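Peer 1: My structure is below; once you've seen it, I'll send some questions.
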Amino acid sequence: MSRTPFPVPFGWYQICWPDELEPGGVAPVYYWERDLVMWRDDEGAYHLQDAICPHLGGHLGHGGHVENCEIMCPFHGWKFDGTGANSEIPYSERVNRAAKLRTYPTIERNGLIMSWYHPFEAEPMWEVLDLEEFSDDEGWSETITRTIQIPAAWQEIAENSVDIAHFRYVHNTDVVPEARAYETEGHHALVRTVQKFVTPQGMVDGEINIDNYGPGFSVIRFHGIIDTVLLGCNTPVTSDQCEQRFSFRVKSFGDAATNSSVGEAFVAEVTQQIIEDLPIWKHKGHVTRPALADTDGPYLKFRKWASQFYAEDFDLDQAVYPPDPPTSSRPEPEGFQKHTASSRIKGEDTIRADMMSGA
Ligand code: FES
Ligand SMILES: [Fe+2]
């Protein structure tokens, strides 16, 4: 049984950072429930294609190699170009025009290598914005990056952007961000929140502005004590597993050492939050019709926005899509026990004491 009703959504997704592949390099990758090969031609361009050779199924990512601007299959030496066309069969005079590798449009932008995925091979439906913060190397720090594997569907992770209530319980924050706006238009969804930050000088007002452009590219800007920008890129590995990559930049303080220590502290905080979210994501079910409080965030608006990225049919015929079954009847509890049984037991003790005193 699948733990998610949702197929893999379409959109632009980060597949690597530029320095992960040298010109001439080949790497097997697995995203969108597909075996893929990522390669870089001798001119430096990045390519992402289906990895299974249409000849007899050799995997181009395992032993394939680049010759100029073509990739050669390790099995019988057929070559394919950057469009996926068969460009050479070394033991034949002819090429096979029907033998074509599915090829994913690939771009370099904002210091990310991104590819467009659509299950039915529709052309890209929007462009990825060029962000000033990632081209202005004087005004902003160097980029700090992190990668985290998350055992949950894209939609479950992304729903966090409208979930204000979980901050107190999952992240144990005293001051909860206050939602000011949630708006959606086409592939763009924006969240505007204000938050108070405690500093030695007292409370300082800050803002957290999130802009989601499709399922794979989110820009999160923090303004206040410091200005930072965070690119959050979720790339589905399968319909219920994602790779999340972060790229952070801090508005420059003028010297690289300060930038890097502020940036690292900030990254540590955000990473800590993800680590706290992980056990929730791993073990949560998907509730088709959630029972909400009147003060809960705009979950239904978020879900309507999210649904536009599914090109394949799916049913919401179960009330709950549960997590994967555990391997034993007594799985080890996992998660942050900040609000532990002991606080509840203390509560019970109070009640008992009250009862005994006749109150
Ligand atoms: S399987 Fe790729 S060349 Fe034969
Ligand atoms: Fe969270």
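Peer 1: Among the residues of region 251-289, what is the count of those that are within 16 Å of ligand 2 (Cβ to nearest atom) and among the β-branched types (V, I, T)? Give the steps one after another, and end with the answer.
Peer 2: Residues of region 251-289 that are within 16 Å of ligand 2 (Cβ to nearest atom), as a first pass: 266-284.
Add one more test, that the residue is among the β-branched types (V, I, T), and what stays is 267, 270-271, 274-275, 280.
Adding up the residues that qualify gives 6.
Peer 1: With in contact (Cβ under 8 Å) with a residue 12 or more places away in the chain and in contact with a Cys (Cβ under 6 Å, 6 or more places away or on another chain) as the only criterion, which of W140, W154 stands out?
Peer 2: Working: W140 fails: in contact with a Cys (Cβ under 6 Å, 6 or more places away or on another chain).
Going through W140, W154 in turn, just one is in contact (Cβ under 8 Å) with a residue 12 or more places away in the chain and in contact with a Cys (Cβ under 6 Å, 6 or more places away or on another chain): W154.
Peer 1: Next question. Specify the residue that is nearest to ligand 1 (Cβ to nearest atom); the eligible residues are those in region 159-190 that are in a loop (DSSP other than H, G, I, E, B) and over 28 Å from Y310 (Cα atoms).
Peer 2: First, pick out the residues of region 159-190 that are in a loop (DSSP other than H, G, I, E, B): 163-165, 171-177, 186-187.
The next check asks that each one be over 28 Å from Y310 (Cα atoms); those that pass are 171-177.
Working: H171: 49, N172: 53, T173: 53, D174: 59, V175: 58, V176: 56, P177: 52 Å.
Only one residue tops the list, namely H171.
Peer 1: Right, next: Yes or no: L56 surrounded by fewer than 17 Cβ atoms within 10 Å (Cβ to Cβ), within 15 Å of ligand 1 (Cβ to nearest atom) and of a type in the set (A, V, I, L, M, F, W, C)?
Peer 2: Details: surrounded by fewer than 17 Cβ atoms within 10 Å (Cβ to Cβ): yes; within 15 Å of ligand 1 (Cβ to nearest atom): yes; of a type in the set (A, V, I, L, M, F, W, C): yes.
So L56 passes the test.
Peer 1: Continuing with this model, one more query. Of all residues being of a type in the set (S, T, Y) and part of a loop (DSSP other than H, G, I, E, B) in region 83-111, which is surrounded by the most Cβ atoms within 10 Å (Cβ to Cβ)? Just the residue, please.
Peer 2: Filtering region 83-111 for residues of a type in the set (S, T, Y) gives 83, 87, 91-92, 103-104, 106.
From what's left, part of a loop (DSSP other than H, G, I, E, B): 83, 91-92.
Details: T83: 11, Y91: 7, S92: 9.
Selected residue: T83.
Table: residues versus (1) touching a His at 6+ places or on another chain (Cβ under 9 Å); (2) more than 16 Å from ligand 1 (Cβ to nearest atom); (3) of a type in the set (D, E).
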| residue | (1), (2), (3) |
| --- | --- |
| N68 | no, yes, no |
| R102 | no, no, no |
| G111 | no, yes, no |
| E138 | no, yes, yes |
| T145 | no, yes, no |
| I148 | no, yes, no |
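Peer 1: State which residue pairs qualify: first residue at positive phi and inside region 286-300, second residue surrounded by 11 or more Cβ atoms within 10 Å (Cβ to Cβ) in any location, beta carbons under 9 Å apart, and separation of 6 or more residues or different chains.
Peer 2: none
Peer 1: Return a yes/no flag: does region 267-279 have any residue that is touching a residue at least 12 places away in the same chain (Cβ under 8 Å) and within 18 Å of W140 (Cβ to Cβ).
Peer 2: Looking for residues that are touching a residue at least 12 places away in the same chain (Cβ under 8 Å) and within 18 Å of W140 (Cβ to Cβ), one finds at least one in region 267-279, hence yes.
Peer 1: Just to be sure before I move on: is W32 touching a strand residue (DSSP E or B) at 6+ places or on another chain (Cβ under 8 Å) and more than 15 Å from ligand 1 (Cβ to nearest atom) in the structure I sent?
Peer 2: Details: touching a strand residue (DSSP E or B) at 6+ places or on another chain (Cβ under 8 Å): yes; more than 15 Å from ligand 1 (Cβ to nearest atom): yes.
Considered against the rule, which asks whether it is touching a strand residue (DSSP E or B) at 6+ places or on another chain (Cβ under 8 Å) and more than 15 Å from ligand 1 (Cβ to nearest atom), W32 comes out as yes.
Peer 1: In addition: Which numbered condition in (1) within 16 Å of ligand 1 (Cβ to nearest atom); (2) out of contact with any strand residue (DSSP E or B) (no Cβ under 8 Å at 6 or more places or on another chain); (3) of a type in the set (F, W, Y) is the only one that F80 fails?
Peer 2: Checking F80 against (1) within 16 Å of ligand 1 (Cβ to nearest atom); (2) out of contact with any strand residue (DSSP E or B) (no Cβ under 8 Å at 6 or more places or on another chain); (3) of a type in the set (F, W, Y), the one that fails is (2).
Peer 1: Just to be sure, is E133 assigned by TED's automatic domain parsing to the domain that holds T238 and either within 16 Å of ligand 1 (Cβ to nearest atom) or of a type in the set (D, E, K, R) (or both)?
Peer 2: Working: assigned by TED's automatic domain parsing to the domain that holds T238: no; either within 16 Å of ligand 1 (Cβ to nearest atom) or of a type in the set (D, E, K, R) (or both): yes.
In short, no.
Peer 1: Please verify whether region 239-254 includes one or more residues that are under 20 Å from F134 (Cβ atoms) and exposed (fewer than 13 other Cβ atoms within 10 Å of the Cβ).
Peer 2: For region 239-254, residues under 20 Å from F134 (Cβ atoms) and exposed (fewer than 13 other Cβ atoms within 10 Å of the Cβ): present.
The values are calculated or read from the model by the stated rules, or taken from the named source; none is laboratory data. Computed from a predicted model, the values in this text were never measured in an experiment. When we count neighbours, we look across all protein chains shown, and the Cβ atoms used for this are built from the backbone with ideal geometry, even at glycine.
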